[in-house]
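Comments concern the structure below.
Quick note: the coordinates plus some simple rules give every number you see, no bench work behind them. It should be emphasised that the depicted structure is a prediction, and the values quoted were computed from it without experimental measurement. Glycine also receives a Cβ, built like all others from the backbone with ideal geometry; neighbour counts cover every protein chain displayed.
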Amino acid sequence: MARVAVGARAASAFRGVAAGTGRTLLVLALTFFGLLLVTFLIGRVVPIDPVLAAVGDRASAETYARARAELGLDLPLYQQFAIYVGKVLQGDFGRSVLTSNPVLTDIGRFFPATLELATLATILGVGIGVPLGVIAAARQGRWQDQVIRVVGLLGYSIPVFWLGLVGLLVFYARLGWVAGPGRVDVGFNDIVEPMTGLILLDSLMEGEGEVFANALSHLVLPAAILGYFSLAYVSRMTRSFMIDQLRQEYIVTARVKGIAERRVVWRHAFGNVMLPLVTVVALSYANLLEGSVLTETVFAWPGIGAYITNSLLNADMNAVLGGTIVVGAVFIGLNMASDLLYRLLDPRAR
């Protein structure tokens, strides 16, 4: 009987996990379908003629009509959408008018720069923001809390382009502590083979210490500025979570038992805060991946944000929509990954 009961519980647990996984995949598919629908409609609503962008405004009427038919723009909208979805699922985003390369090739060249920038910014933001949030909650109402809240408020209030320009003026032009705009100095271009596209990693793998140092000098200022905005968000959320936990009865009981305050804060309270922080960090990371356009523009950083912006200014809609889909897919993937990780770490959420 005991074996039967254990087998029944295991089968029930398996069905529950399978059902949860199926629901997650269904939500993922529907969300991605919605993303494709939105980008398709944007491509048809914007006042930019993709045919003129491809053939030029001096093309003859016959050339224009032939290009329109080749692009499938003479078909009904539902057929255009079906063709669009089929191509996207095959990784075909069309060709960029600006570079004449397949859009997916361009994205593979530009996206690693944004990934590297956002990753370092997230490490800085989380590594500093979480301890600041914990300290602010533990010292609620005291001067430490007030200072940390002001620092976070400034992170929300200061425009990123202004902070970037001031950072370049002070730390690059005046003090010379960091390198200027761009990813590396001109003299270091094409020295490292872009195996991963992450120049810090590639330079380490090839033993190019000078390239690594130069790339890090270029990266540290824009990453610090983006990390400051991540710090403001992460510290505020950490403080809120910690204040809620520090008011719980188990914290009062731990203090009554004479447990050291440091252990109460960092082991007991913070241990229960780590799970919701997973979602916060994932959202912060996703926002940096998709929202670093202004930072990349100020620092001439060759990332996906700058690529989409330049493509939009040049009416290159294939590149704009392709970049938007990739960034949206990454955002969806990070949200789903954080949700699955949350369920994995917390049995109550399963």
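Starting from 0.36 nm per residue, how many nanometres of slack lie between Trp177 and Leu153 once their C-alpha separation is accounted for?
The span from Trp177 to Leu153 would gain 6.0 nm if fully extended.
Run the numbers on the chain and let me know its relative contact order in percent, using alpha-carbon pairs under 8 Å that are six or more apart.
26
Angle, helix 61-70 long axis vs. longest principal axis of the chain, Cα atoms, 0 to 90°, nearest 10?
40
Rounding to the nearest 20 debye, state how big the charge dipole of the chain is about its Cα centre with +1 on each Lys and Arg Cβ and -1 on each Asp and Glu Cβ.
2140
Note the per residue figure in Å³ for the convex hull of the C-alpha positions in the chain.
Per residue, the Cα convex hull of the chain comes to 216 Å³.
Return the calculated 222 nm mean residue ellipticity for the chain, to the nearest 500 deg cm²/dmol, obtained by summing -39500 (n - 2.57) across DSSP H runs with n ≥ 4 and dividing by the residue count. It would help to have the intermediate numbers written out before the result.
On the way: 14 runs with 251 residues, N = 350.
Computed mean residue ellipticity for the chain: -24500 deg cm²/dmol.
Angle between the Cα long axis of helix 304-313 and the longest principal axis of the chain, 0 to 90 degrees, nearest 10?
40
Pull out the extension gain between Arg66 and Ala29, defined as 0.36 nm times the separation in residues minus the alpha carbon to alpha carbon distance; nm, one decimal.
Length gained, Arg66 through Ala29: 9.8 nm.
Using the Cα atoms of the stretch 112-166, I'd like the radius of gyration and the largest Cα-Cα distance, Dmax, both in angstrom.
So, for the stretch 112-166, Rg and Dmax equal 13.7, 42 Å respectively.
Projecting each Cα onto the charge dipole of the chain (Lys/Arg +1, Asp/Glu -1 at the beta carbon, about the Cα centre), which of Gly303, Gly227, Ile48 comes out farthest on the positive side?
Gly227
May I ask you to compute the full-extension gain from Arg109 to Gln144, defined as 0.36 nm times their residue separation minus their alpha-carbon distance, rounded to one decimal in nm?
8.2 nm
Would you mind computing, in nm to one decimal, how far apart the modelled labels at Ile123 and Leu169 are, each placed 7 Å from Cα along Cα→Cβ?
3.1
Take each of the peptides 242-248, 282-288, 39-45, average the number of other beta-carbon atoms within 10 Å over its residues, and list them starting from the highest.
Numbers: 242-248: 16.6, 282-288: 21.6, 39-45: 14.6.
In descending order of packing, they fall as 282-288, 242-248, 39-45.
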